[in-house]
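In what follows, a single structure is set out as structure tokens and then discussed.
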Amino acid sequence: MSGISKWLMVIGAIIFAIGFISQFINIGKLPGDIVIKKGNTTFYFPVVTSILISVILSAIFYFIGRLR
């Protein structure tokens, strides 16, 4: 296998693992997330969840960069 196909398989496995784990961890309904319900329509904007995921990913990439 070439390098690109190996990376695609690794990325796919990581996305699958994150999706599987997210079923058990309820991270999408944090205080501070915006939910607007009017009639039959619901608008959900995960502000705090987005910030939390951004901080976690930034820390992970920072430590990976420091190891290189």
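Overview of values
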{"read-out": "Every pair of residues 6+ apart whose Cβ atoms lie under 9 Å, when the first sits in the range 41-65 and is part of a helix (DSSP H, G or I) while the second is loosely packed, with under 10 Cβ neighbours inside 10 Å and not polar (S, T, N, Q)", "value": "V48/P31"}
{"read-out": "Residue satisfying all of: in the range 1-27; within 18 Å of S54 (Cβ to Cβ) and in a loop (DSSP other than H, G, I, E, B); modelled with the highest pLDDT among these", "value": "I25"}
{"read-out": "L30 vs. criteria loosely packed, with under 10 Cβ neighbours inside 10 Å, modelled with pLDDT under 85 and not β-branched (V, I, T)", "value": "no"}
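The values are calculated or read from the model by the stated rules, or taken from the named source; none is laboratory data. Predicted model, so just to flag it, every value in this text is computed and none were measured. FYI the Cβ positions are ideal-geometry reconstructions off the backbone, even for glycines, and counts take in every protein chain you see.
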